[in-house]
1. Could you please find all residues in the range 138-163 being part of a loop (DSSP other than H, G, I, E, B) and in contact with a helix residue (DSSP H, G or I) (Cβ under 8 Å, 6 or more places away or on another chain)?
2. Helices (runs of 4 or more DSSP H) wholly in the range 28-127 with at least 2 residues that are modelled with pLDDT under 90 and out of contact with any Pro (no Cβ under 6 Å at 6 or more places or on another chain) - which ones?
3. Between 199, 205, which is at pLDDT 95 or above and within 25 Å of residue 51 (Cα to Cα)?
4. Answer with yes or no whether residue 172 is under 23 Å from residue 106 (Cβ atoms) and either touching a Cys at 6+ places or on another chain (Cβ under 6 Å) or of a type in the set (Val, Ile, Thr) (or both).
5. Does at least one position in the range 159-176 carry a residue that is in contact (Cβ under 8 Å) with a residue 12 or more places away in the chain and farther than 19 Å from residue 93 by Cβ?
6. Report whether or not residue 193 is among the hydroxyl-bearing types (Ser, Thr, Tyr) and more than 22 Å from residue 93 (Cβ to Cβ).
7. Collect the residues in the range 215-247 that are among the charged types (D, E, K, R) and closer than 30 Å to residue 274 by Cα, keeping them in residue-number order.
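The values are calculated or read from the model by the stated rules, or taken from the named source; none is laboratory data. No experiment lies behind these values; they were computed from the predicted model shown. All Cβ positions, glycine included, derive from the backbone under ideal geometry; neighbour counts span all protein chains shown.
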Amino acid sequence: MKDITTMRDCKSKAYSDDVLEVVKKLRPIDDACFEVIADDIAFCQEMLRIILSDGKLIVKDVVVQKSIKNIYGRSVRLDALCTLGNGKKCNIEVQRTDNDDHLRRVRFNAASIAVKDSEVKQKFSEIEDIIVVYISEFDIFGDGFVLYHINNVVQETNKKVDDGLTRIFVNTEVKDGSIISEYMTQFKQTEISGQHFPELKRRMEYAKNSRGGLRTMCNALDELIAKREEKARKEGELQGCIKNVKAMYAAGIDTFKIASIVNIPLEEVEKILAE
């Protein structure tokens, strides 16, 4: 609770030593930190040039989660959405915990972008290409590669199929001596060492050492804490509802009556009892 209390003080003009210590420990892989440093075209361009192995790649625009959450909906998490020089969209997502179906999450978010950005009566052939770069703190597939490219193939012929979606998974866990591995290692550091990645170093110094960066970082922390507390509250309410449903059913109350009492659909009551 002490960490939460100190982080809530971030919005004040004077930063306490505890608050500064919290900010000091943040790394690029952490949500609050990434949201701040990714809100910069030069940083995203350097990152994508390394991960996509394209030294000439151009990023024309970038919007971060704070800017796009109301556009794509609360259920869609897009940490940074870039528009490239060739018109393609590149969604960058950062994931620290291995508690989700990552492949389906990527598919859902990519589909949400395509649907939201498409126009009425637009031909499917005109729907924009989307690249998803999924950065994780663990090796999702467990095969010892720092970088994974997911391709669609025809099973019978093994030919690749291009449907406009490119999926790239990169992690900070595997060390293979490559430039990408070296770059991703920096994502787990509280300070960026050396001059190999100047834009990453510049953004981290801004986030941690400038007045504007500290204010933005602390606001991001405050919002993240609020989201987690709201999620915990909803999970608590859900568990309470499940407990009540089971207790009423055990007491002999029929499912129709239970659904009316707890004010949820009958199908949800039946699902709870089935589980």
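1. Of everything in the range 138-163, those that are part of a loop (DSSP other than H, G, I, E, B) and in contact with a helix residue (DSSP H, G or I) (Cβ under 8 Å, 6 or more places away or on another chain) turn out to be 140, 146.
2. Where helices (runs of 4 or more DSSP H) fall fully within the range 28-127 and carry at least 2 residues being modelled with pLDDT under 90 and out of contact with any Pro (no Cβ under 6 Å at 6 or more places or on another chain), they are 31-37, 65-72, 102-117.
3. Matching residue, one of 199, 205: 199.
4. So residue 172 passes the test.
5. Within the range 159-176, one or more residues are in contact (Cβ under 8 Å) with a residue 12 or more places away in the chain and farther than 19 Å from residue 93 by Cβ.
6. Taking the combined requirement at face value, the residue satisfies it.
7. If the condition is that a residue be among the charged types (D, E, K, R) and closer than 30 Å to residue 274 by Cα, then 228, 229, 230, 231, 233, 234, 235, 237, 243, 246 are the ones that fit.
Listed here are the residues, each with its yes/no results for (1) acidic (Asp, Glu); (2) closer than 21 Å to residue 24 by Cα.
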residue: 170; (1), (2): no, no
residue: 174; (1), (2): no, no
residue: 180; (1), (2): no, no
residue: 191; (1), (2): yes, yes
residue: 202; (1), (2): no, yes
residue: 233; (1), (2): no, no
